[in-house]
Amino acid sequence: MILGIETSCDETAASLVSRDGAGRPVILSNVVLSQVEEHAAFGGVVPEIAARAHVEAIDGVVKAALADAGLGFGDLSAVAATIGPGLVGGLIVGAMTGKAIAAARGLPFVGVNHLEGHALTPRLTDGLAYPYLLLLVSGGHSQIVLVRGLGRYERWGTTIDDAAGEAFDKTAKLLGLPVPGGPAVERRARGGDARRFPLPRPMRGEPGFDVSFSGLKTAVRQAAERAAPLGERDVDDLCAGFQAAVAQSLAERAGRAMRRFRETFPDLAAPVIAVAGGVAANAAIRAALEDEAAKAGLALVAPPLKLCTDNGAMIAYAGLERLEAGLVDGLDAPVRSRWPLDEAAAPKIGFGRRGAKA
Ligand code: KG4
Ligand code: ZN
C-alpha cells in the first residue's frame, strides 16, 4: 500500500495504490486539487503562488486520499513523492510531506521523477509489458521515448522550442481564452473550420523525431492579426486550424518513431505506442495518432483522461515499481527543477528567450 504525492506544478494530488491478489495494480483513491483559479488572473502558473497553495492544501489532500480509501497512516507500507522535474517550491512541499510521513511511520521513501510517473501510467491502467513507445505531451514536455524497462528510457525525439501543451496555452492566451488553454482551444475548435487559415505543419518530413511548435504559434498570431478584430467564428476557426496542425504534426513525427520501433523490435507480438501527459486528453490528437498507429501496425494505448493529466496515482505507481525493484531513497533525497528521463540525451537548445527547453 503506497501513498503517492504530486506537487510539481499547479495540482496538489495524493493517491493510494496497491496490488490485488493477482499482482494487478489497484487505485484505491485519487484526489486531485487544481489551483487553476488561483493562477487564472496571471495567465499562467505563478511559482510562488503555487508553492503557498500546495502548503495550504497538502495535508487535506493526503487526508482525503486516505479517507476515500478507508485507510489510515498505519496501513501504509511506503510513501512516494515527486521530487522533480518541476517548480522547486511545490516540489519541496510534496517531498517534505512525503518524507515526514515516512519518517514518522518508519516507512521507505521513494522519490519519483514526474516524467516517469507519466511514462509508466499505461502499465498502471493497461498492464502494458516493456518495451513500448511513449508519446509524452504535456505543458512542460513533448517527447517521444522508448520505454525499455523501469529506469531505462531512450529519448528519441523532443521539442526544439515549445512543448505541445505550452503551445495550446499560448494560443489560448493570444485568442483571449481561459487557462488551461488546451481544453478551451479544443472546445472552440469543435465548431471551427480547420481549413480556413492555412497553417504550417512543423517538422513534417524532417529526419529524426523532434517536434517544434513555436513557428506554428507565430503563424497563428499572424493569421489572427490579419483577421482582426476577431469575432467568435474567427476564434473557432483559428482554434480548429491550430489543433489540426498540432495533431498532424505530432502524428507524422510519432508515425516515423512507430516505424523505427517496429524495426527495432521486429519480434514483438503486440507492439504498442502509449500516450501520456495532459495534451493526450485531446480527442483530435488521439484520433490522428490512432490512424497513424493503425498504419504502422501498432496499438495505441491512451489512459483515461484523469490519469493523463497530473495526478498522484501515477506517482504512487512509479513509486511502487521502484520499491519492488529495491530502489528506495534516503530522506536526504534532493528536489530537482530539471531532471531528464533519459540522462544520456543531449539537451536541445530552443530558439525561445528561455533557451534550453528539454
Ligand atoms: O500533464 P499535465 O497535466 O501537466 C504537465 O504539464 O505536467 O499537462 C497540462 C497541459 C496544459 O498545457 C494543458 O493546456 C494541456 O495539458 N491540455 C490539453 C488538453 N487538456 C489539457 N491540451 C490540448 N487539449 C486538451 N484537451
Ligand atoms: Zn505532468
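Over the chain, what is the relative contact order in percent, taking alpha-carbon pairs closer than 8 angstrom and at least six residues apart? So the answer I get is 23 percent. When you count the other C-beta atoms within 10 angstrom of each residue and take the mean per peptide, 190-197, 96-103 line up highest first as 96-103, 190-197. Once the Kirkwood radius over Cα pairs is known for the stretch 187-289, the Stokes-Einstein relation at 4 °C and 1.567 mPa s delivers a diffusion coefficient of 86 µm²/s. Given their separation in residues at 0.36 nm each and the Cα-Cα distance between them, GLU56 and SER34 gain 6.7 nm when the chain is fully extended.
Round to the nearest 0.05 the FRET efficiency obtained for ASP193 and ARG24 when R0 = 41 Å and r is the Cβ-Cβ distance. About 0.35, to the nearest 0.05. When you work out D = kT/(6 pi eta Rh) for the stretch 1-141 at 37 °C and 0.692 mPa s, using the Kirkwood radius from C-alpha pairs as Rh and the Stokes-Einstein form, the result is 210 µm²/s. The alpha-carbon atoms of the stretch 110-195 define a convex hull whose volume equals 148 cubic angstrom per residue. Rounded to the nearest whole Hz, the Karplus-based 3J(HN,Hα) values (6.51 cos²θ - 1.76 cosθ + 1.60, θ = phi - 60°) of the stretch 87-96 follow the sequence 7, 4, x, x, 4, 4, 4, x, 5, 5, with x at glycine and proline. In a fully extended conformation the segment linking ALA299 and ARG233 would gain 20.1 nm over its present Cα-Cα distance, using 0.36 nm per residue. 3J(HN,Hα) along the stretch 219-224: 4, 5, 4, 5, 4, 5 Hz, from the Karplus curve 6.51 cos²θ - 1.76 cosθ + 1.60 with θ = phi - 60°, whole Hz, x for Gly and Pro. Here's how it looks for TYR132: its modeled amide H is under 5 Å from those of VAL147, which are all 5 or more places away or on a different chain. At full extension, ASP68 and PHE42 could sit 6.1 nm farther apart than now, given 0.36 nm per residue minus the alpha carbon distance. Counted over all Cα-Cα pairs of the stretch 1-46, pairs farther apart than 13 Å make up 62 percent. Packing, taken as the mean count of other beta carbons within 10 Å per residue, orders the peptides 329-338, 238-247 from highest to lowest as 238-247, 329-338. Running Debye on the stretch 130-305 with equal point scatterers at the Cα sites and no solvent, what base-10 log of I(q)/I(0) appears at q = 0.09 Å⁻¹? Debye output, listed in q order: -0.30. If R0 is 22 Å, the Cβ-Cβ spacing of ALA344 and THR264 corresponds to a FRET efficiency of close to 0.85.
Any aspartates and glutamates with Cα under 20 Å of the LYS63 Cα? List them, leaving off those in the same chain fewer than 8 positions away. The reachable aspartates and glutamates, counting only those whose Cα sits under 20 Å from LYS63, are GLU6, ASP10, GLU11, ASP75, ASP310. Pairs of alpha carbons in the chain separated by more than 27 Å make up 46% of all such pairs.
Bear in mind that the values in this text are calculations on the coordinates, not laboratory data. What you see is a predicted model, and the numbers here were worked out from it, not measured in a lab. Here Cβ is always computed from backbone atoms with ideal geometry, including for glycine, and neighbour counts include all displayed protein chains.
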